[in-house]
Each structure stands twice: as structure tokens, then as C-alpha cells.
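The block underneath contains the structure these notes are about, expressed in C-alpha cells.
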Amino acid sequence: MTMMNHRPATILGTGVAIAGNSDKDDLRLVARLRDKILARLDPLLDISNPRLVRESIEAIFPQVLSEENAAITRAERVRLFERVVAEILGYGPIEPLLRDDTITEIMVNGPYAIYIERNGKIEKTPLTFENEEHLMRIIERIVTPLGRRVDEASPMVDARLPDGSRVNVTIPPVSLVGPVLTIRKFSRIPYTAEDLQNFGTITPEFIEFARACVQARLNIIISGGTGTGKTTLLNVLSGFIPGNERIITIEDAAELQLKQEHVVTLESRPPNIEGRGEITIRDLVINALRMRPDRIVVGETRGGEALDMLQAMNTGHDGSLSTLHANSARDALRRLETMVLMSGMDLPLRAVREQIASAIDCIIHLDRFSDGSRKVVQVAEVQGMEGDVIVMQDIFRFQQTGFKDGRILGRLEPTGIRPKFCEKIERAGIRLPPTLFGLNGNLNAHRR
């Protein structure tokens, strides 16, 4: 979509009309309508019933609007009503952005700059808040029901909207541009493998390969930078787990949407206002081992829990899946080393590497390109140790072939190497054709 221009109204994906004019007169009108309606609402009204509150607003709205003597069209009247409802019941100016399924991220940099991400590209919207106080009211509406607070003593907060969207709030004095609100939207309908194939993120060959790896209980790490689609791919791969297995998912904010019947979802918990009650990802990994899991799926590995996860993988809990931030498959191994050392255990580096080499079978690396597309660019096998070095071998690599109409052209191609863990896949009763790895001749010649 092109940058939104200043115009009377803009439709954002879901048929919700919002003001396209960011002038302060429009904002002041909405604020006056909001304040008048709030003053006239029945103080005994059950505010926990949104339908009832909306009906009450609808009854009062014509009267307060007539008091403004505003000459407006029917369409503008509907738009104003929706904005007032959003102010009272929802999240103000960003309410229609939250309803627009084409938007994946909302970034509020102070009250007068609201950006969105759509199709991997960042755009500035014409929407604004009235002032910092208005933005803080919406922030409080987000965090207060979750038992969280944000103030000078606690200027950074992570939270989750009722629909599962991840929220980060950063306010002064940490932020120098005013309150900053970042929302990573939660997809109501999870992407399937076929969706990712249509987006160009993965190929049919990769789907066949990944399904075999998951069903054969290989331990897989998905790596990539921020916003490359790691959690989306993790959700897709988790969908390949057989339905008769007990799956424990562990996340900071529950995002995975598994369709299997036997799924236990665990979510970490930050400390309360007194600094107590924190439950970390590491606590949950340790606890999950006592819950008779067939699979442990960790949304993101970022600290000392890496050691517990590796030990689980090395003691019979095969088929584990997780993501981590890294710049390449090799860098993912270095990040794992660092995280294991963060566990507080005084382990020699060689011992750490031996744990990693024996636990991890496959690393899948994603990247986001300049055209906004996200693609699997590397699939590597962890083969073991040679001396003090972990040996890896690429199985698939993304080959860029050009650039056309603003889009990156290319494909994930096999390297002609048949991975050693194919023997484990075959023991599970799954056979992958040699052509999947770019082979036509004698397979033994390509075994490493």
C-alpha cells in the first residue's frame, strides 16, 4: 500500500473508517464528544458489558453531536461515532489499526507519530493522539487490566492484549520522545505451510523435508533477526507434530496456535509491583520436564534456559523445537554457547559445544530482505565435533537470481548433500527422495 494521504476518510482493510485528516480541530471534536458522553453515562452502568455501554453511547451521541452544530455528512457521522466508541471502550486512534488484518505491527513514537508495518514495509499514518496525556490514558487502559503499572519507577513494561498481541511500553525518562507504544499483532488465523509457500518464504521441497524432520523427532532450532517470521515458522513446524503426542509449549507471551488436542501452554510471568512472583522461561523448562512431555516447544530461547533445554534434548526428550535471534546458522551456535554460559554453570567451552553438537540436529535460518519479504535462506545440519569446533553442513541455501518490479527473485535450493540425520528419518519409517537434496546418482557418494 502507498503512504496514506490526508483525506476525509481512509478504509483500513476491515471496512472500518478512520479519519484521514490529522488536523487538531478533528481531534478536539472527538475529545469534546467523548467527554460529554462520559459525563452523561449512567454511573451505575455495567462497564464490563461492552455491548451495553455501546448502546448507551449510541443513545446519547445524537444529542451531544447536535450541540456542536457541526455540518457533517452521514459517513462522517458514522466515523465520529466509531472514534468516540474507540475512545471510551477501545484504544483510541489505534483501534482501527488493531482491526486491520493487513497490519502486522503498530509503532507509536510519542503522541504525534504513529507508524505501521504492512507487507514487511513501514509506513507513517496520518493518525495522532491529542497529547501525551491522551496516549498515556490508552496505555493505562492496556496495562491496568493485566495487573501491570507503568510510571517513572517502572518505565518499561511488556504486556499482552486480550487477542494475544504483544505490547511493549516505554515512557520517559527512558524515552526522550514521550510515551512509546509498540504492538506486535497476533494473527487471528495462523499461517499454514501453504501460506508461507505462497508468500515465497519456503518451497514445497522444504515443506516435505521439514515435515519429515519433525515427525522423525529431530531437534530443530529456528534462527533469524527480529521480525523475520521465526514464530510463524515455528507454529507451522509445530503443526507437523503427530496428534497423539503430549506437547508442552513455553513462551513469554503465548503466540503459538497449535491444532493438536493434547497441548499444554505455559507462559512466563514478570515480577509484581513488589518485585516478587517472577516465573522465568528457565523455570518453565525445568517444570515441563516433570510433566511427561513428548515434545517441548520453547517460543524463544534467550538465556540460561538453553542449558536445561540442551540437557533435555540429550536425555531422551527428542523432537524439541525453539527459536533464537541470530544472524546465521553458525551464529546461532555461538548464541547458544553464550546462553549456556549465562546459566551460571561453570562449564568448559568444549563441554558446552559437545552438548550443543549432540543435542541439535538442524538449524533453519530466516532473513528479511529489502523488499520486505521473509525467506528461509539456510538449512544446516549439525554434524558433530572435530577437535574443538562444531561441524556444520548446509543442506539448502537461498540462491538470489535477480530483482524485478521491486521484488527479490530467487529460490531455496539443495546443496547436493544428503544429511547424516536421514538415517534417523528412515528409522522413523519416512523416506525422502534423493532428488529432494539435488541428488540423482549413488547416495553413498554424498554421505558425510
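Summary of values
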item: Options ILE296, ILE247: the member that is more than 23 Å from ARG184 (Cα to Cα), in contact (Cβ under 8 Å) with a residue 40 or more places away in the chain, crowded, with 19+ Cβ neighbours inside 10 Å and touching a helix residue (DSSP H, G or I) at 6+ places or on another chain (Cβ under 6 Å); result: ILE296
item: Hits in region 333-349 - residues which are assigned to a helix (DSSP H, G or I) and in contact with a Gly (Cβ under 9 Å, 6 or more places away or on another chain); result: MET339, VAL340, LEU341
item: Tally, over region 183-196, of residues that are surrounded by fewer than 16 Cβ atoms within 10 Å (Cβ to Cβ) and either touching a Leu at 6+ places or on another chain (Cβ under 9 Å) or farther than 17 Å from THR228 by Cβ (or both); result: 4
item: Long-range neighbours under 9 Å by Cβ, at least six apart or interchain, first residue in contact (Cβ under 8 Å) with a residue 12 or more places away in the chain and of a type in the set (D, E, K, R) within region 210-226, second in a loop (DSSP other than H, G, I, E, B) and open to solvent by less than 10 Å² (accessible area, probe 1.4 Å); result: ARG217/GLY319; ARG217/SER320
item: Some residue of region 419-431 being under 23 Å from PRO204 (Cβ atoms), surrounded by fewer than 14 Cβ atoms within 10 Å (Cβ to Cβ) and in contact with a strand residue (DSSP E or B) (Cβ under 9 Å, 6 or more places away or on another chain); result: no
item: Residues being in a helix (DSSP H, G or I) and open to solvent by 70 Å² or more (accessible area, probe 1.4 Å) - total across region 30-65; result: 12
item: Among residues of region 101-115, those that are of a type outside the set (Ser, Thr, Tyr), farther than 23 Å from ALA31 by Cβ and either part of a loop (DSSP other than H, G, I, E, B) or open to solvent by less than 10 Å² (accessible area, probe 1.4 Å) (or both), counted; result: 2
item: Close pairs from region 276-290: first in contact (Cβ under 8 Å) with a residue 24 or more places away in the chain and outside any helix (DSSP H, G or I), partner open to solvent by 60 Å² or more (accessible area, probe 1.4 Å) and of a type in the set (Ser, Thr, Tyr), Cβ under 9 Å, at least 6 apart; result: LEU289/THR315
item: Residue list for region 320-377, restricted to those being open to solvent by 20 Å² or more (accessible area, probe 1.4 Å) and touching an Asp or Glu at 6+ places or on another chain (Cβ under 6 Å); result: ARG350, VAL377
item: Options LEU284, LEU258: the member that is among the aliphatic types (A, V, I, L, M), at pLDDT 90 or above, under 21 Å from the mean Cα position of the chain (by Cα) and surrounded by fewer than 20 Cβ atoms within 10 Å (Cβ to Cβ); result: LEU258
item: Options SER268, SER238: the member that is at negative phi, among the small types (Gly, Ala, Ser) and at pLDDT 95 or above; result: SER238
item: ILE273, sole failed condition from (1) without any contact (Cβ under 8 Å) to a residue 60 or more places away in the chain; (2) aliphatic (A, V, I, L, M); (3) over 24 Å from ILE241 (Cβ atoms); result: (1)
item: Hey, LEU310 crowded, with 16+ Cβ neighbours inside 10 Å, touching a residue at least 40 places away in the same chain (Cβ under 8 Å) and assigned to a helix (DSSP H, G or I) or not; result: yes
item: Checklist (1) touching a Pro at 6+ places or on another chain (Cβ under 9 Å); (2) open to solvent by 10 Å² or more (accessible area, probe 1.4 Å); (3) in contact (Cβ under 8 Å) with a residue 24 or more places away in the chain applied to THR170, failing item; result: (3)
item: Residue in region 379-388 that is open to solvent by less than 40 Å² (accessible area, probe 1.4 Å) and under 30 Å from GLU117 (Cβ atoms) present; result: yes
item: Single unsatisfied condition, ILE207 versus (1) under 12 Å from the mean Cα position of the chain (by Cα); (2) surrounded by fewer than 21 Cβ atoms within 10 Å (Cβ to Cβ); (3) among the aliphatic types (A, V, I, L, M); result: (1)
item: Complete set of residues in region 394-406 that are surrounded by fewer than 14 Cβ atoms within 10 Å (Cβ to Cβ) and of a type outside the set (A, V, I, L, M, F, W, C); result: GLN399, GLN400, THR401, GLY402, LYS404, ASP405, GLY406
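The values are calculated or read from the model by the stated rules, or taken from the named source; none is laboratory data. Since the structure is predicted, the reported quantities are computational estimates derived from the model, not experimental observations. Virtual Cβ from ideal backbone geometry, glycine too; neighbours counted across all protein chains shown. Just the protein is used for accessible areas: all its heavy atoms, side chains included, with ligands, DNA and RNA removed. Shrake-Rupley method; radii C 1.70, N 1.55, O 1.52, S 1.80 Å.
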